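K.L.:
Encoded as structure tokens, here's the structure I'll be asking about.
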Amino acid sequence: TLVAAVAAVCSPLDLAAAMRDLGDRDLLHTMASMLVNEWDQHVARLEADLRERNAAQLALDAHTVKSLFAIFHAEAARRLALDVEQAAKANGGDDWDRCAELVARLVCEMAELRPAMARFVRGEIIV
């Protein structure tokens, strides 16, 4: 349908590409469900890393979400997570203003992405 086509084009993730990569819809659904269920924990970890000025942990947590977003071809979120990871590693992670800006942008992008992931988990998006 036209609505499904528009949703696919405007979506911040590419579930069809993720499905081609994995080749198993049940596995893709399980992984998406796990990500949606753990979403708030990922955000909380990134925010805690900033508060605690823990560059090594921020880089690790950003790497984790980067990998998760790569699975679902959520490119904007993946790129931002990569930027956070690199900023946390640069100069011993001492540019906390830059890290905070990037984490804020990543969390915002994640907020845009979450509804599409939740729709897929609920079975409203079919791949």
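K.L.:
With respect to H42, determine if the residue is within 10 Å of the chain's Cα centre (by Cα) and within 30 Å of I126 (Cα to Cα).
P.N.:
Judged against the criteria, H42 is a match.
K.L.:
Is it the case, given these coordinates, that A90 is modelled with pLDDT of 95 or more and either farther than 15 Å from R45 by Cβ or under 13 Å from the mean Cα position of the chain (by Cα) (or both)?
P.N.:
Here the answer is no, as A90 does not meet what is asked.
K.L.:
Still on this structure, please answer the following. Suppose we keep only residues that are assigned to a helix (DSSP H, G or I) and without any contact (Cβ under 8 Å) to a residue 24 or more places away in the chain within region 102-127. Which one would you say is surrounded by the most Cβ atoms within 10 Å (Cβ to Cβ)?
P.N.:
Selected residue: L102.
Rundown of residues vs (1) in contact with a Ser or Thr (Cβ under 7 Å, 6 or more places away or on another chain); (2) open to solvent by 70 Å² or more (accessible area, probe 1.4 Å); (3) within 15 Å of A118 (Cα to Cα), yes/no style:
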| site | (1), (2), (3) |
| --- | --- |
| P12 | no, no, yes |
| L60 | no, yes, no |
| T64 | no, no, no |
| A77 | no, no, no |
| W96 | no, no, no |
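K.L.:
Among the listed residues N54, N91, which satisfies the condition of being exposed (fewer than 13 other Cβ atoms within 10 Å of the Cβ) and of a type in the set (S, T, N, Q)?
P.N.:
N91
To keep it simple, each residue is scored yes or no on (1) more than 12 Å from the chain's Cα centre (by Cα); (2) of a type in the set (A, V, I, L, M, F, W, C).
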{"position": "S11", "(1), (2)": "yes, no"}
{"position": "A18", "(1), (2)": "yes, yes"}
{"position": "N37", "(1), (2)": "yes, no"}
{"position": "N54", "(1), (2)": "yes, no"}
{"position": "Q57", "(1), (2)": "yes, no"}
{"position": "A70", "(1), (2)": "no, yes"}
{"position": "R98", "(1), (2)": "yes, no"}
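K.L.:
Now, a different point. Pairs needed: first member in region 68-96, on the phi > 0 side of the Ramachandran plot and part of a helix (DSSP H, G or I); second member anywhere, of a type outside the set (V, I, T) and open to solvent by less than 60 Å² (accessible area, probe 1.4 Å); C-beta distance under 6 Å; at least 6 residues apart or different chains.
P.N.:
G93/A55
Residues checked against (1) within 24 Å of A17 (Cα to Cα); (2) not β-branched (V, I, T):
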residue: R51; (1), (2): no, yes
residue: V65; (1), (2): yes, no
residue: A74; (1), (2): yes, yes
residue: R78; (1), (2): yes, yes
residue: R105; (1), (2): no, yes
residue: E112; (1), (2): yes, yes
residue: M117; (1), (2): yes, yes
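K.L.:
So, of the residues in region 72-87 that are of a type in the set (A, V, I, L, M) and within 27 Å of M31 (Cα to Cα), which turns out to be farthest from the chain's Cα centre (by Cα)?
P.N.:
V84
K.L.:
Could you go through region 16-27 and let me know if any residue there is under 22 Å from V107 (Cα atoms) and open to solvent by 70 Å² or more (accessible area, probe 1.4 Å).
P.N.:
Within region 16-27, not a single residue is under 22 Å from V107 (Cα atoms) and open to solvent by 70 Å² or more (accessible area, probe 1.4 Å).
The values are calculated or read from the model by the stated rules, or taken from the named source; none is laboratory data. Because the structure is a prediction, the values reported are computed rather than measured. No Cβ is skipped: glycine too gets one built from the backbone with ideal geometry, and neighbour counts run over all protein chains shown. Keep in mind that these areas ignore ligands, DNA and RNA; they rest on the heavy atoms of the full protein, side chains included. Shrake-Rupley method; radii C 1.70, N 1.55, O 1.52, S 1.80 Å.
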